[in-house]
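Notes for the one structure printed next.
Throughout, read-outs are computed from the coordinates displayed, never taken from laboratory work. Computed from a predicted model, the values in this text were never measured in an experiment. Cβ placement follows ideal geometry from the backbone for every residue including glycine, while neighbour counts extend to all protein chains displayed.
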Amino acid sequence: MANARPHDISAQNLEDEVLLARFARGDPEAAAQLTERLAPQSFAVALRVLGNRAEAEDVTQEAMMRLWRQAPNWRRGEAKVSTWLYRVVMNLCIDLKRRQRGGHLDLDAIPEPIDPARSAPETLQETRRMGALQEALMQLPERQRQAVVLRHIEELPNPEIAGIMEISVEAVESLTARGKRSLAKILAGRQEELGYSDV
C-alpha cells in the first residue's frame, strides 16, 4: 500500500537542494530530475486527500510551479525540499476543499496501475480494496485524512508530518490514531467482500 521510501533521507534532501539550486541557475535538466523525484509523491498525497485524479494533477502542477518560483530564494538547510512541497500540497488541497464546500465531490473509485504479475481476479480484488480504502478515507475529517495519508500510506515519520501540517507531534499521533479507528469502523463488515479473512 505504501510507496517505497528512500533509505537515506538526508542524502536525498541534499540532492534535492542541489538540484533546486541548479534549476535556479538556469539548468532545465535539474528541473526534470527534481520533477521526476518529487511530483509522483506529491500527486499520490493529493490524490488520497482529494479523491479526484484531475484535481490532484492540478494541485501537483501548482505545487511544483510554486517550488520553481521559490528556487531563487531557497535557503539551504532551513527545510527539506520534500517537506516544504508536501506542506504546499496540503495547503492547496485545503484551499480547494474550502472552495468546494457545499458542492459535489467526485467519489468514483480511482483506477490503480495494473500489476502485470497479478491475475485478473487478484487485480480486481486489489482495485476493490483500493477503492474501498479511498471511499473510507474520504469519510474521515479532513485533518485526520491528511495525517493518515502521510503516516500510513506515505510512511513519513511523525516529526516530518508535524512540520508539514504545522501541528505538534502529539497532535499527529492523536489524528492518526483516531483516523485509523474511524477507518476500521467504516470498513468493518466488508472484510469478506474485500478478501481480508484475518482482519
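Local charge for VAL89 was computed over the other residues whose Cβ lies under 14 Å away, with Lys and Arg +1 and Asp and Glu -1, and equals -3. Counting every other Cβ atom within 10 Å of each residue's Cβ, THR176, THR60 order from fewest to most as THR176, THR60. Charge tally for ARG181 (other residues, Cβ to Cβ under 14 Å; Lys, Arg +1; Asp, Glu -1): +4.
Summing charges over neighbours of ARG145, with a neighbour being any other residue whose Cβ is under 13 Å away from its Cβ, gives +3 when K and R count +1 and D and E count -1.
Here the Karplus relation 6.51 cos²θ - 1.76 cosθ + 1.60, evaluated at θ = phi - 60°, turns the backbone of the stretch 138-153 into coupling constants of 5, 8, 6, x, 3, 5, 4, 4, 4, 5, 5, 4, 5, 7, 9, 9 Hz, with x for every Gly and Pro. Calculated FRET efficiency, ALA24 and HIS152, Cβ-Cβ r, R0 25 Å, to nearest 0.05? Efficiency computed from Cβ-Cβ geometry: 0.15. Panel order for VAL49, VAL88, VAL148, by other beta carbons found within 10 Å of each beta carbon, from fewest to most: VAL88, VAL148, VAL49. Averaging 1/r across all pairs of distinct Cα atoms in the stretch 8-106 and inverting the result yields a Kirkwood radius of 14.0 Å. Note on TRP68 and ASP95: the extension gain reaches 7.7 nm, defined as 0.36 nm multiplied by sequence separation minus the Cα-Cα distance. Ranked for footprinting exposure by Cβ neighbours inside 10 Å, fewest first, LEU14, LEU137, LEU187 give LEU14, LEU187, LEU137.
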